[in-house]
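Reviewing the structure listed below.
All of the numbers you see were taken from the coordinates with simple rules; none came from a lab. No experiment lies behind these values; they were computed from the predicted model shown. Because the Cβ atoms are built from the backbone with ideal geometry, glycine has one as well, and the counts that use them run over all protein chains shown.
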Amino acid sequence: MPSAMTRRGLIAGLSATGVLPLFSEAQTGSARIVVIGGGFGGATAARTMKALAPRLSVTLVEPRETYVACPFSNLVIGGMREIMDQGFRYNGVAATGVEVIRARADAVDPTTQIVTLEGGETLSYDRLILSPGVDIRWGAIAGYGRTAIRRMPHAWKAGAQTVLLRQQLREMEDGGTVVMSVPPAPYRCPPGPYERASLIANYLKREKPRSKLVVLDAKDGFSKKPLFLEAWSERYPDHLEWRGASDDGRVSRVDPETLTFETDFDTVQADVANVIPPQKASQIADRAGVTDATGWCPVDPVTFESTRQPNIHVIGDAAIMAPMPKSAFAANAQGKVCAIQVARLLAGQAPQPTVLANTCYSYVGAEAAVSVVGVYRLGGTAISEVSDAGGISPLAAAPAIRQAEAAQANHWFGAITSETFG
Amino acid sequence: MTTSLRTFFGLASLFWVTGLAACGPGPAGEAGGSITSASQGHATGMAAALSASCSGCHMAGLDRSADAIPSIEGLDAGTLKASLAAYRADDVGDTVMHRIARGYTEAELDLIADYLAGGER
């Protein structure tokens with residue numbers, strides 16, 4: 001621990017082992033908080049909740065022993081990073097006094113306020129924070145079912161799928177065609193497909209120069225598009241072809257046996273196939289009754305409490321936070337704000353409108369990255385983007401600026417994973 | 001290690017507890033409105049939530065040799081206010097900060113600066 005940290009801690013009146021609580025037991029009671037989902041939203045919310053009000057009972061329900069982070073997993077696919085560097089355990093969360101239960105949540109009864117775990121054990125809650133992430137919308141692309149992911153990995157949940165796609169790319173012979181399909185919005189990590197396309201093209205150019213990546217996209221516009229198009233024409237003119245919706249890019253059917261993609265007018269043959277499928281809020285959100293017809297979870301823009309069920313807050317990718325994107329940065333920030341608002345509600349205090357920023361870096365090459373920023377006002381009945389703020393990195397920037405943003409991206413990953421997982 | 005949250009809430013407590021003790025729970029404020037005075041922010045306990053987007057990058061206690069994103073640890077409120085105001089006025093900066101700072105009112109940035117420097121007060 002740096003000395004400045006110790007000094008600040010002492011000045012702030014903190015002990016070496018804990019935080020000065022904002023909320024006393026008299027204010028919040030000994031309420032029970034259950035958090036489902038230990039990603040960037042849920043782990044942050046659980047730790048923050050416990051830090052705010054140490055006398056609260058805070059339980060984090062997460063089936064995985066090791067969380068595998070999606071941010072930076074495209075670097076693994078591109079052969080620039082090891083999957084080991086993506087893993088985070090929950091020791092740091094548990095060390096803050098959060099009870100971490102390694103189990104899948106099977107059901108939520110919003111009336112009795114009881115969570116049932118896969119083994120039948122039950123947890124009652126006063127406030128539930130759901131941060132369950134996304135599920136694949138099976139069948140949205142004809143032919144893409146649960147068994148298809150072995151031949152056509154999505155790699156949109158990091159872990160074995162990431163490693164599989166990496167392995168398939170490594171085993172492909174030079175001269176092969178990689179095909180990636182991209183869904184319509186909304187989905188997890190809006191610029192993620194285009195970062196992945198950049199890094200796969202980078203790998204092909206470097207290691208298999210007679211090969212090519214074809215991106216079949218269900219839309220014409222996407223996050224940081226001018227920056228990606230610029231990077232692709234500069235860096236990968238022979239290795240990356242992007243087809244938008246108006247260029248017959250929308251994929252309606254795939255065949256895992258033949259590794260083919262069908263668009264409205266074309267059939268595209270792949271040697272390696274990456275289907276980034278349409279998504280929805282994870283199934284536990286359906287079971288809790290907090291999803292709407294879109295498959296995502298509508299929430300109050302100040303407290304993130306479900307508009308469909310009381311005392312259940314939904315954060316992260318599963319929630320409808322538009323225009324905030326479904327990103328790790330946003331989920332982490334929402335986790336902090338959600339915990340603050342829940343503590344205030346428990347203490348009988350009015351929730352507070354606030355402002356959140358989002359920053360997403362995307363790599364476009366081995367040591368080059370670009371960014372997009374948005375600033376959002378959370379209040380009243382909506383989340384609104386501040387129109388004269390935010391935006392993307394400058395176009396036609398000097399290489400030093402792209403390199404600096406890559407270094408900043410790397411720093412960001414270390415910072416946010418430390419804050420989230422300890 | 002819990003350094004970041006410890007810092008986050010160590011600082012939060014200084015403002016929030018003080019604000020609440022002085023004024024009690026304040027009104028929620030205008031829907032989606034801006035903070036236009038420091039007293040409003042302190043009274044309603046906005047500083048901690050306003051600063052929630054900072055520590056995702058500027059987490060305290062990281063290895064200082066990995067300083068692609070500058071550490072703000074130990075900076076006083078005046079320095080932070082001057083930096084944030086400069087970013088807010090800068091249309092063409094090379095980093096994300098000028099794009100972020102423009103989204104906040106001057107009063108909100110001052111609250112954030114006070115909050116982030118709180119451990120030194």
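Per-residue Cβ counts within 10 Å, from other chains only, averaged over B:101-108: what number is that?
Going residue by residue through B:101-108 and averaging, the value is 4.
In degrees between 0 and 90, to the nearest 10, how far off the longest principal axis of chain A does helix A:399-421 point, with axes built from Cα atoms?
Approximately 40 degrees, to the nearest ten.
How far, in nm, would the chain grow between A:Ser24 and A:Ala142 when pulled straight, counting 0.36 nm per residue and subtracting the alpha carbon separation?
37.1 nm
Roughly how big is the protein assembly as shown's charge dipole about its Cα centre, with Cβ charges of +1 (Lys, Arg) and -1 (Asp, Glu), in debye to the nearest 20?
800
Considering the range A:131-259, what Rg and Dmax in Å follow from its alpha-carbon atoms?
Rg and Dmax of the range A:131-259, Cα atoms, are 14.4, 43 Å.
If R₀ is 25 angstrom, what is the calculated FRET efficiency for the pair A:Arg32 and A:Glu385, using the beta carbon separation as r and rounding to 0.05?
0.10
Take the Cα pairs of the protein assembly as shown, get the Kirkwood Rh, then feed it into Stokes-Einstein at 10 °C and 1.306 mPa s and tell me D in µm²/s.
Using the Kirkwood radius from Cα pairs, D works out to 67 µm²/s.
Within chain A, what percent of beta bridges assigned by DSSP are antiparallel, to the nearest 5?
55
Could you give the dipole magnitude of the range A:247-324 about its Cα centre, charging the beta-carbon of Lys and Arg +1 and that of Asp and Glu -1, in debye to the nearest 20?
Dipole magnitude for the range A:247-324 comes out near 500 debye.
Direction-averaged shadow area of the convex hull around the Cα atoms of the range A:194-297, nm²?
8.5
Would you list which lysines come within 24 Å of A:Lys224, measuring only between C-alpha atoms, while excluding same-chain residues fewer than 8 positions from it?
A:Lys157, A:Lys205, A:Lys212, A:Lys280, A:Lys326
Averaged across orientations, what area in nm² does the convex hull of the alpha carbons in the range A:272-357 project?
Projected over every direction and averaged, the Cα hull of the range A:272-357 covers 6.7 nm².
Which one, A:Ala339, A:Cys297, A:Val372, is farthest towards the positive end of the dipole of the protein assembly as shown when Lys and Arg carry +1 and Asp and Glu -1 on their Cβ?
Value: A:Ala339.
Distance from the Cα centre of the range A:338-373 to that of the range B:78-110, in angstrom?
17
Quantify how strongly other chains surround peptide A:406-419 by giving the mean number of their Cβ atoms within 10 Å of each of its Cβ atoms.
For peptide A:406-419, the averaged partner shielding equals 6.
Percentage of Cα-Cα pair distances in the range A:108-166 greater than 17 Å, rounded to whole percent?
58
About the Cα centre of the range A:166-272, how large is the charge dipole given +1 on each Lys and Arg Cβ and -1 on each Asp and Glu Cβ? Please answer in debye to the nearest 20.
520
Grab the DSSP H runs of chain A that are 4 residues or longer, score each as -39,500 (n - 2.57), total them, divide by all residues and round the 222 nm result to the nearest 500 deg cm²/dmol.
-8500 deg cm²/dmol
Give me the angle, in degrees from 0 to 90, between the Cα long axis of helix A:225-235 and the longest principal axis of the Cα atoms of chain A, rounded to the nearest 10.
Tilt relative to chain A: about 50 degrees.
Just name one of A:Pro186, A:Val215, A:Leu229: the one whose Cα is farthest towards the positive end of the charge dipole of the range A:155-243 (beta-carbon charges, Lys/Arg +1, Asp/Glu -1).
Sorting the options by dipole projection puts first A:Pro186.
Hey, can you rank A:231-238, A:325-332 by average C-beta count inside 10 Å, highest first?
Highest to lowest by the protection proxy: A:325-332, A:231-238.
What is the helix-to-structure angle for A:160-171, meaning the angle in degrees between its Cα long axis and the longest Cα principal axis of chain A, kept from 0 to 90 and rounded to the nearest 10?
Helix A:160-171 sits at roughly 20 degrees to that axis.
For a quick check of your reading of the filter: which GluC sites (Glu not before Pro) in the range A:80-183 sit in a DSSP loop and have no more than 14 other Cβ atoms within 10 Å?
Here the sparse-neighbourhood loop sites are A:Glu82, A:Glu118, A:Glu121, A:Glu173.
Can you compute the modelled spin-label distance between B:Thr79 and A:Glu118, with each label point 7 Å from Cα toward Cβ, in nm?
4.9
State whether the range A:336-422 is rounded, prolate or oblate according to the following rule on the C-alpha gyration tensor (a ≥ b ≥ c being the square roots of its eigenvalues): a/c under 1.5 gives rounded; otherwise a/b larger than b/c gives prolate, and the remaining case gives oblate.
Because a/c hits 1.5 or more and a/b fails to exceed b/c, the range A:336-422 counts as oblate.
PRE reach from A:Thr294 (point 7 Å along Cα→Cβ): which of the range A:188-216 fall under 14 Å by backbone N?
Answer for the range A:188-216: A:188.
Simple spin-label model, 7 Å along Cα-to-Cβ: A:Ala103 to A:Ala398 in nm?
5.8
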